[in-house]
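Worksheet: the structure to be examined is printed underneath.
Values in this text are rule-based calculations from the coordinates and carry no lab data. Here the structure is a predicted model, which is why all the values come from computation and not from measurement. A quick note on method: Cβ atoms are made from the backbone with ideal geometry, for glycine too, and the neighbour counts reach across all protein chains shown.
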């Protein structure tokens, strides 16, 4: 069974993404780091025990990774927006066996003291226009949320809007059961998170 691990908000530059989130939520993001294997960098926000928000962008100082970046960042354009959600599992191969075709191949990754395995699609694009979750398996007890300062922010709801909503529901059925996640029929794919902050409920999309 999968569980919510974190949300990914993509941006053309890390600075633009951080500014948007801090303005929208009224809290400060914590430092993150660099991902050498993907040529990306991030900043983070704790959203509760074992759960966080990641603002991610291509690192202009990093060499190109020689393969498509995760979260389809090579094709990202426009203002910062929520693009992906990531689900945690204890057995990555078993989760992939039940996931739709194109959910990715396992990669061993690291940042500082953090170690994890993640399924990354060959073309960088996750199924259902990115609305099927990226699958992650943390190695060891260290997890980013446990290293982040408390902000008083919590995820209230995660809305998945897609023109093939019923097919997405079927793909998720039996894999994750979280009352905060809802799949909605919509003409265009979109991801929307409702977050309770010290200043009230805010939306990221």
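Tabulated results
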| item | result |
| --- | --- |
| Sum of -39500 (n - 2.57) over DSSP H runs of 4+, divided by residues of the chain (222 nm, nearest 500) | -4000 deg cm²/dmol |
| Within a Gaussian network of the chain (alpha carbon springs, distance under 10 Å), most fluctuating of 45, 172, 147 | 147 |
| Gyration tensor verdict on the chain (Cα atoms; rounded if a/c is under 1.5, prolate if a/b is larger than b/c, oblate otherwise) | rounded |
| Burial order of peptide ranges 132-145, 1-14, 103-116 (average beta-carbon count within 10 Å, highest first) | 1-14, 132-145, 103-116 |
| Stretch gain in nm, segment residue 34-residue 77, where the contour uses 0.36 nm per residue and the Cα spacing is subtracted | 13.4 nm |
| Percent antiparallel among DSSP beta bridges (both partners in the chain, rounded to 5) | 75 percent |
| Reciprocal of mean inverse Cα separation for segment 116-186 (Kirkwood radius, Å) | 14.5 Å |
